[in-house]
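Here's the structure, in structure tokens; my notes come after.
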Amino acid sequence: MSETYQLRDGLVVPKIAFGTWLVNGAQGVNSIVSALNVGYRLIDSAFNYENEGAVGAAIRKSPVPREDIIVSSKLPGRHHHYQEAIDTIQESLYRAGLDYYDLYLIHWPNPKEDNYVEAWQALIDAQRFGLIRSIGVSNFLPEHLERLEKETGVMPVLNQIELHPYFNQEKQREYDQAHGILDQAWSPLGRASNELKDPFILKLAEKYHKNAGQIILRWETQLGVLPIAKSSHTDHQRENLNIFDFELTADELVGMSKLTKVDGRLKNQDPAVYEEF
Ligand SMILES: NC(=O)c1ccc[n+]([C@@H]2O[C@H](COP(=O)([O-])OP(=O)(O)OC[C@H]3O[C@@H](n4cnc5c(N)ncnc54)[C@H](OP(=O)(O)O)[C@@H]3O)[C@@H](O)[C@H]2O)c1
């Protein structure tokens, strides 16, 4: 894959990633191998997806060299205490059969528990130990990021957030970009719900001879965001990568941004209150 972003710490990552939520077991391995074969070089996973083993198996099965793949996983909310976090990162590696992760994120801040700074210290140390190349977070609001910086002196290089046309996260993106934090978009296709049928997006799809998903993913990359698209079908996987041969105009970007809704989250998972363990 030719188009890349460079994280603040120097790590170079592709502009689009492959998501693996609900991609499990032997079928999951086949899906991930297919994704690697069609050209994905960033695989997103999580301890809580219970598929780090499938990710590792797919990497070993695929002809793509390990060092050419950015492998990413996430620390679950139930293991934010320092020693548990270190043990969990090690367990993530054992599950995948890998020596290191390229990226490792705190999955949710869980602010009511308020142990995410401790978890962050564990990620900082795991990076020092050589278990992780780059450290980041997911679903962190500016107030959470500020505490990380204030209490550890280290700002994440990446924040994985819910982002799709009906929830475009303008404010969070502004904050993250101002602090040198790359945003990854989870559910970038809105989980294939109404956004793929939106009339404005369908009109752009017609103009550029693309489908609605390709318009959405291109819009996200033009915002400077890294979408994590999931598909179990090789044809969809291929389509979702084929987005770099056209460019939306400035007016079209404005039009896309107008589709956002205040309550556009898919499942009302506001990180200020929502917790996941
Ligand atoms: N950090 C977090 O808290 C968090 C939360 C949620 C998700 N994630 C990550 O983000 C990834 C993506 O999010 P997601 O899986 O929720 O949603 P998504 O990628 O927005 O949508 C996935 C759905 O879109 C369909 N699809 C994909 N490409 C398509 C195409 N070209 N045409 C039509 N349909 C298409 C897929 O069906 P087919 O399989 O049939 O193609 C699947 O049903 C996850 O897999 C996970 O890695 C992270």
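Side notes on the structure shown:
- Cross-chain or 6+ apart pairs with Cβ under 8 Å, the range 61-89 first and farther than 22 Å from residue 275 by Cβ, then aliphatic (A, V, I, L, M) and in a loop (DSSP other than H, G, I, E, B): 66/98; 70/11; 71/98
- The set of residues in the range 241-256 that are in a helix (DSSP H, G or I) and in contact (Cβ under 8 Å) with a residue 24 or more places away in the chain comprises 241, 252, 253, 255, 256.
- Residue in the range 189-205 that is more than 20 Å from residue 41 (Cα to Cα), without any contact (Cβ under 8 Å) to a residue 60 or more places away in the chain, open to solvent by 50 Å² or more (accessible area, probe 1.4 Å) and among the aromatic types (Phe, Trp, Tyr) present: yes
- Taken together, 23, 71, 13, 33 contain a single residue that is of a type outside the set (Gly, Ala, Ser), surrounded by 14 or more Cβ atoms within 10 Å (Cβ to Cβ) and part of a helix (DSSP H, G or I), which is 33.
- Qualifying residues in the range 97-130 (those that are crowded, with 24+ Cβ neighbours inside 10 Å and of a type in the set (Gly, Ala, Ser)) - the one nearest to residue 9 (Cα to Cα): 122
- The range 248-264: number of residues that are open to solvent by 50 Å² or more (accessible area, probe 1.4 Å) and either in contact with a Phe, Trp or Tyr (Cβ under 9 Å, 6 or more places away or on another chain) or under 30 Å from residue 48 (Cβ atoms) (or both): 5
- Residue list for the range 132-153, filter: of a type in the set (Ser, Thr, Tyr) and either out of contact with any helix residue (DSSP H, G or I) (no Cβ under 8 Å at 6 or more places or on another chain) or open to solvent by less than 10 Å² (accessible area, probe 1.4 Å) (or both): 134, 138
- Any hit, the range 166-183, residues being in a loop (DSSP other than H, G, I, E, B) and within 11 Å of the ligand (Cβ to nearest atom): no
- Qualifying residue in the range 217-225 (condition: surrounded by 19 or more Cβ atoms within 10 Å (Cβ to Cβ) and hydroxyl-bearing (Ser, Thr, Tyr)): yes
- Qualifying residue in the range 192-204 (condition: within 13 Å of the ligand (Cβ to nearest atom), small (Gly, Ala, Ser) and out of contact with any Cys (no Cβ under 9 Å at 6 or more places or on another chain)): yes
- Of all residues in the range 36-47, those satisfying the criterion of being under 16 Å from residue 61 (Cβ atoms) and open to solvent by less than 20 Å² (accessible area, probe 1.4 Å) are 36, 40, 43, 45.
The values are calculated or read from the model by the stated rules, or taken from the named source; none is laboratory data. From a predicted model like this one, the values you see are computed outputs, not experimental measurements. Here Cβ is always computed from backbone atoms with ideal geometry, including for glycine, and neighbour counts include all displayed protein chains. We work out accessible area using only protein heavy atoms, side chains counted, and drop any ligands, DNA or RNA first. Shrake-Rupley method; radii C 1.70, N 1.55, O 1.52, S 1.80 Å.
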